[in-house]
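Asks: Structure provided below as structure tokens; questions to follow.
The values are calculated or read from the model by the stated rules, or taken from the named source; none is laboratory data. Being a predicted model, the structure only gives us computed values, none of them experimental. Because the Cβ atoms are built from the backbone with ideal geometry, glycine has one as well, and the counts that use them run over all protein chains shown.
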């Protein structure tokens, strides 16, 4: 799944736009990258292909700087010279993310061996946040609405809830959308954020796929953290689940406890 070739500094490179298809580094904060990159990918297309294998790990939110660290290698910023990530940044991401990779049988790859990166007192890319989310090996599972009251309480604790949100083949967005609760985002923003969540192979998506291989309808709830949307629960939208249907019908009249 992950590349294992040695990390090499290219002898020559050129600046190119970061491909829109590189979901790993979309919106990273800069628009151009050096190619070949620091992982010896000769073309942007190769970098896009290889970077996609890291999206499931990012979806586990094992470290707030994991994406920043990986993009410094897959899509190095186009300055007058290559700038490596600092050793401490690598170690912090590794220590937090390697246990999650191990859950799925993947070791931390040798290409990302931290002792090859420069110490912090040298010119390198250091950590940009102080937050390290607590990830675990347990995938997000589809929930069953135990009662209408408990489901309504779930809506109240989250920033959004969307029944009739269509996940079809490959889980591309369908046309139906109903937002039960906007929270800090309006409907269009939620649609965009959930599209990003799907593209990054969020942890519930695999379970949704196994539940309804041809796509289906789900109600998802979650929270908004700055630019990041976190889906916390997913309910399969089936008419026979009377507790879930009842909760949605009661929502407009329901008063959340402050």
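Asks: Given the residues 62, 90, 97, which is the only one that is surrounded by 15 or more Cβ atoms within 10 Å (Cβ to Cβ), in the same structural domain as residue 24 (by TED's automatic domain parsing) and either in contact with a strand residue (DSSP E or B) (Cβ under 8 Å, 6 or more places away or on another chain) or not in a helix (DSSP H, G or I) (or both)?
Replies: Going through 62, 90, 97 in turn, the sole match is 62.
Asks: Another question, then. Is it fair to say residue 60 is under 15 Å from the mean Cα position of the chain (by Cα) and at pLDDT 90 or above?
Replies: Taking the combined requirement at face value, the residue does not satisfy it.
Asks: Still on this structure: Go through the stretch 111-132 residue by residue and tally those that are out of contact with any strand residue (DSSP E or B) (no Cβ under 9 Å at 6 or more places or on another chain) and either surrounded by fewer than 15 Cβ atoms within 10 Å (Cβ to Cβ) or at pLDDT below 75 (or both).
Replies: Final tally of qualifying residues: 13.
Asks: Kindly check whether there is at least one residue in the stretch 20-31 that is within 19 Å of residue 129 (Cα to Cα), buried (at least 20 other Cβ atoms within 10 Å of the Cβ), at pLDDT below 90 and within 20 Å of the chain's Cα centre (by Cα).
Replies: no
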